[in-house]
1. Six or more apart or on different chains, Cβ atoms under 6 Å: show the pairs whose first residue is in the range 63-89 and modelled with pLDDT of 95 or more and whose second is open to solvent by 70 Å² or more (accessible area, probe 1.4 Å) and not hydrophobic (A, V, I, L, M, F, W, C).
2. Restricting to the range 1-41, and then to whatever is among the polar types (S, T, N, Q) and part of a helix (DSSP H, G or I), can you tell me which residue is farthest from residue 51 (Cα to Cα)?
3. So residue 15 passes all but one of these: (1) surrounded by 13 or more Cβ atoms within 10 Å (Cβ to Cβ); (2) under 23 Å from the mean Cα position of the chain (by Cα). Which condition number does it fail?
4. Consider the range 130-168. How many of its residues are over 30 Å from residue 109 (Cβ atoms) and not in a loop (DSSP other than H, G, I, E, B)?
5. Look at residue 95 and say whether it is crowded, with 16+ Cβ neighbours inside 10 Å and in contact (Cβ under 8 Å) with a residue 40 or more places away in the chain.
6. Would you point out which residue out of 147, 140 is touching an Asp or Glu at 6+ places or on another chain (Cβ under 7 Å) and surrounded by 13 or more Cβ atoms within 10 Å (Cβ to Cβ)?
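The values are calculated or read from the model by the stated rules, or taken from the named source; none is laboratory data. Note that the coordinates shown come from a computational prediction; the quantities given were computed from them, not determined experimentally. So basically every Cβ, Gly included, is an ideal-geometry build from the backbone, and we count neighbours across all protein chains shown. Ligands, DNA and RNA are excluded from the accessible area calculation, which covers all protein heavy atoms including side chains. Shrake-Rupley method; radii C 1.70, N 1.55, O 1.52, S 1.80 Å.
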Amino acid sequence: MISLAEAIKLKSILKRKISDLSIEISTVAYTIVEKGEEPKTPNRTIQQVEADLAIVRKDSRTLDRFIYRANIDNFIEFNGEKLAIVEAIELATQLRAEAEQAKTFGISEKESYIHSVGETTLYNVALFDPEVYRVRAIELEKQAHRLSNAINAKNYQVQIDFDDSAYF
């Protein structure tokens, strides 16, 4: 058994291992030799690396299934609402995006000079109060942080039935 948090870290390790093994396949698949010379045999054959890669890929798929199931079946409370972890992750992403947009509006000037064309002077005028958006951005970021902390805490509580001994 491992925690959901450990499973998420392991998923990253497996992705890297799949990449490394894919590269290794390319290095053991070919060799360059002079005409008439015998090729030097690598320490591992392409078949051995392919077999290792197949195992890691299967573990990765299995781990994905466990992570997805845990993210659907487990809930957190946030702002008086019960959210599946997967929903909470998406909400945190949305809160961060909304905060970034509010930040952009928050640093705007209420009115700024653009340029003049002849006797016509053009201004860019905000149809909102930048200070309201600056304060809103701060609050949205705080909410995103609180939600992320709740998700992380839950990730350490949830247990997944996966044997990670091959990787740790």
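1. 75/82
2. The qualifying residue farthest from residue 51 (Cα to Cα) is 12.
3. (1)
4. Just the residues of the range 130-168 that are over 30 Å from residue 109 (Cβ atoms), to begin with: 146-168.
If we keep only those that are not in a loop (DSSP other than H, G, I, E, B) as well, we get 146-157, 159-160.
The number of residues fulfilling the criteria is 14.
5. Values: crowded, with 16+ Cβ neighbours inside 10 Å: yes; in contact (Cβ under 8 Å) with a residue 40 or more places away in the chain: yes.
Yes; evaluated as a whole, the condition is true for this residue.
6. On the way: 147 fails: touching an Asp or Glu at 6+ places or on another chain (Cβ under 7 Å).
Within the list 147, 140, the selection yields 140.
For (1) open to solvent by 100 Å² or more (accessible area, probe 1.4 Å); (2) more than 30 Å from residue 150 (Cβ to Cβ); (3) part of a helix (DSSP H, G or I); (4) out of contact with any Phe, Trp or Tyr (no Cβ under 9 Å at 6 or more places or on another chain), each residue gets a yes or a no:
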| residue | (1), (2), (3), (4) |
| --- | --- |
| 50 | no, yes, yes, yes |
| 56 | no, yes, yes, no |
| 64 | no, no, yes, yes |
| 72 | no, no, yes, yes |
| 83 | no, no, no, no |
